[in-house]
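The values are calculated or read from the model by the stated rules, or taken from the named source; none is laboratory data. In this text, all values refer to a predicted model and were calculated from it rather than measured experimentally. Positions of Cβ are backbone-derived with ideal geometry, glycine not excepted, and every protein chain shown enters the neighbour counts.
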Amino acid sequence: MKWEGILIDPIGALVAVLVFEFISVGGGGEFTKTALVEFGKIVLFGSTFGFTFAHAINFAINRKLVPHYLLNVFALAAVLGVFVLSDSFAHESGLLAVVVMGMVLGNSKSKYLKELLYFKESLSILLISILFILLSANINMEDLILIYNWKTALLFGIVLLLRPIGVFLSTRNSNLKLNEKIFISWVGPRGIVAAGIASLFGIKLVENGVEGAEYITPLVFMIVLGTVLLNATTARLFARIVGVFLEKSSGILIIGASEVSQIIGTYLKENNRHVVLIDSNHTNIAKAKSLGLEALTTDIYSETLEDNIELNDIGFLMALTGSSDINNYAINKFKDHFGENGAFRLVTEDEKNDPENNPKEGLFSHTDDFALLTKISKQYPSINEISIHDKQHYIKLIEITELDKNRIPLFLKDLNGKLNIISSFSKDVGDMEKGFKLVFLGKPITNEELGLPV
C-alpha cells in the first residue's frame, strides 16, 4: 500500500494526459496515432531527463560542489528546473521527470539524502495544504449542485466496486492473505494529484468547448471527498473487523548482524518469530540476507529508524554488538519504541566481573559478553534445545551452562512454542511445566552431565 501510494499518482497522471490527448486531438483517422506519439514523447523525455539529472545532482552533492547551507535550496531549484526543462520538450512530461529523479536519488548512497528527505517532507505538507485550498477555492456551489443526482451516487458505487476487482486481479499470485486483500480493497482514498489533474484538464476541456467537461472537476472532488471520509476514517475499524489489526508486538529487533546475531535470528525465524537485524556493516547485512533473514543497512544513530514501517510489530529489542556504547545507546533510545515487551543488551566487561550489580536488561547471563558469544558461535555454530522437568531441573541446567563456558542460555520455550528471552538473572523465572525447553547456544549437554545413564 505504501508503494501504491507512491507510484499510483504519476501513473494516474500520465494516463490522464493520454486520455486528454485523445480528446483534444479529436476525430479523424490520425487522432489515435497522434495521441500515442505525444504519450511516447512524454515517457521518453520524462524518463531521460529524470534519470540523467538525478545522477548529475547526486554527483554535484557528493563532490561538495554545492555549499552545505545551500543544499536544500539547490535541490528545490533543481527539481523545478528539471520539471520546466522536460515540459518544454514534451508537454506534461515534467511530472514524470521529477518522479523518476526522486526514485533514482532515493536509491542512491548519498550521505546527504536524509537532510533532503526532511526538507522534502516539510515542503510537501506545506505545498499540499496550499494546493487543497487553491483547488477548493476553484469550486463553486453551483458546480456541486450540478452533480447532485442519482447518477453521481451510481458513479461513486462503481468506484467502490472497481477497487476490489483491481486489487484481487493484481494480487492473484501474491502471498497476501484473503483478509489482507479485503482490507486493501477497502482502503483506497483518492488524493490531491487526482484532484489537481482533474481540475487542470477540466478547465482546459471547458475552454475547448468539449461537451460535459463541466462535470469533471466537481465529480472528481466528490470522489476524493467521499473516499477520504468513508475509507480513510474507517480504516482502523475495518482493520479490526477483517483481522489485520496488530494486536500485539511480538517481533524482535536485533541490533548488530554479526555471525552470532545471524545464528540467533535464523533460529527465531524458524520458530515463527518476526525478526529484523540492523547493522551499518554492509557485509554482515548481505550475509544475513543470504540466509533468508530480514536485515536493514542502517545506522543506529539514524533519526529515521523509528519511522520504518517494516518495524511496526517489533516489541522486543536485543542489542548484540561488540560495542557497549552502542548497546547502551540502543537500549536508552529505543526501549520505549521497540522494547515495550522487553529490551536487553549484552553485559559490559565491568558488569561481567561484578555479577552482584548486573543490570536487569542484561542479556543471557552475567558472564556472556560479545567476545564469548563470538567464540562459542565459531566453535559450536548451532542452537540446541533440551526438555525441562520442573523449575529445579531448569536451575540445574543453568548451573551446567555456567560451569562450562561453551554454552550460553538464550531462550525458554513453553508448551505452545513461545520463546521467552532469558535475561542475566537467568534463575529468576516464573513457574514452568514439564515439556518446557531450555534453548542454548554451544556444546550439547550430555547425559553424564545430567546424571543420567550414558
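Observations, loosely collected:
- Restricting attention to segment 223-271, the residues that are surrounded by 15 or more Cβ atoms within 10 Å (Cβ to Cβ) and of a type in the set (Asp, Glu) add up to 1.
- Residue check for Pro355: out of contact with any Pro (no Cβ under 8 Å at 6 or more places or on another chain), at pLDDT 80 or above and either exposed (fewer than 14 other Cβ atoms within 10 Å of the Cβ) or not assigned by TED's automatic domain parsing to the domain that holds Trp3 (or both): no
Listed here are the residues, each with its yes/no results for (1) closer than 30 Å to Arg240 by Cβ; (2) at pLDDT below 80.
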| site | (1), (2) |
| --- | --- |
| Leu116 | no, no |
| Leu155 | yes, no |
| Leu162 | yes, no |
| Ser170 | yes, no |
| Asn175 | yes, no |
| Glu180 | yes, no |
| Ala194 | yes, yes |
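- Within this structure, Ala319 fails the test of being crowded, with 16+ Cβ neighbours inside 10 Å and in the same structural domain as Leu160 (by TED's automatic domain parsing).
- Screening segment 373-382 for residues that are crowded, with 17+ Cβ neighbours inside 10 Å and in contact with a Lys or Arg (Cβ under 9 Å, 6 or more places away or on another chain) and picking the one that is nearest to Lys405 (Cα to Cα) gives Ile376.
- Search result, residues across segment 189-210 that are surrounded by 20 or more Cβ atoms within 10 Å (Cβ to Cβ), in contact (Cβ under 8 Å) with a residue 40 or more places away in the chain and under 15 Å from Val159 (Cβ atoms): Ala194, Ala195, Ala198
- Just one of (1) under 28 Å from Ala239 (Cβ atoms); (2) in the same structural domain as Ala232 (by TED's automatic domain parsing) fails for Ile197. It is (1).
- Being outside the structural domain of Gly212 (by TED's automatic domain parsing), closer than 30 Å to Thr48 by Cα and not in a helix (DSSP H, G or I) is a property that holds for Lys109.
- Scan of segment 383-395 for residues that are surrounded by 15 or more Cβ atoms within 10 Å (Cβ to Cβ) and part of a helix (DSSP H, G or I), ordered by number: Lys391, His393, Tyr394
- Single condition Ala257 does not satisfy, out of (1) at pLDDT 85 or above; (2) outside any loop (DSSP other than H, G, I, E, B): (2)
- Checked against (1) over 24 Å from Val193 (Cα atoms); (2) within 27 Å of the chain's Cα centre (by Cα), Phe74 meets all criteria but (2).
- Hits in segment 75-102 (condition: over 22 Å from Ile8 (Cβ atoms) and surrounded by 18 or more Cβ atoms within 10 Å (Cβ to Cβ)): Ala75, Ala78
- Residue satisfying all of: in segment 1-21; surrounded by 17 or more Cβ atoms within 10 Å (Cβ to Cβ) and among the small types (Gly, Ala, Ser); nearest to the chain's Cα centre (by Cα) among these: Ala13
- Residue within segment 65-83 that is in the same structural domain as Trp3 (by TED's automatic domain parsing), modelled with pLDDT of 80 or more and closer than 15 Å to Lys41 by Cα present: yes
- All conditions but one from (1) surrounded by 15 or more Cβ atoms within 10 Å (Cβ to Cβ); (2) polar (S, T, N, Q); (3) more than 24 Å from Ser280 (Cβ to Cβ); (4) at pLDDT 80 or above apply to Asn58; the one that does not is (3).
- Residue tally, condition closer than 18 Å to Glu259 by Cα and in a helix (DSSP H, G or I), over segment 308-346: 3
- Any hit, segment 291-314, residues being closer than 19 Å to Lys418 by Cβ and in contact (Cβ under 8 Å) with a residue 12 or more places away in the chain: yes
- Here the condition is being loosely packed, with under 12 Cβ neighbours inside 10 Å, assigned to a loop (DSSP other than H, G, I, E, B), at pLDDT 70 or above and not polar (S, T, N, Q); of Gly430, Gly417, it holds for Gly417 alone.
- Close pairs (8 angstrom Cβ cut-off, 6 or more residues apart or separate chains): in contact (Cβ under 8 Å) with a residue 60 or more places away in the chain and on the phi < 0 side of the Ramachandran plot in segment 266-278, surrounded by fewer than 17 Cβ atoms within 10 Å (Cβ to Cβ) and not in a helix (DSSP H, G or I) anywhere: Asn271/Gly417; Arg273/Ser250
- For segment 211-250, filtered to residues that are charged (D, E, K, R) and part of a loop (DSSP other than H, G, I, E, B), the residue that is nearest to Ile184 (Cα to Cα) is Glu247.
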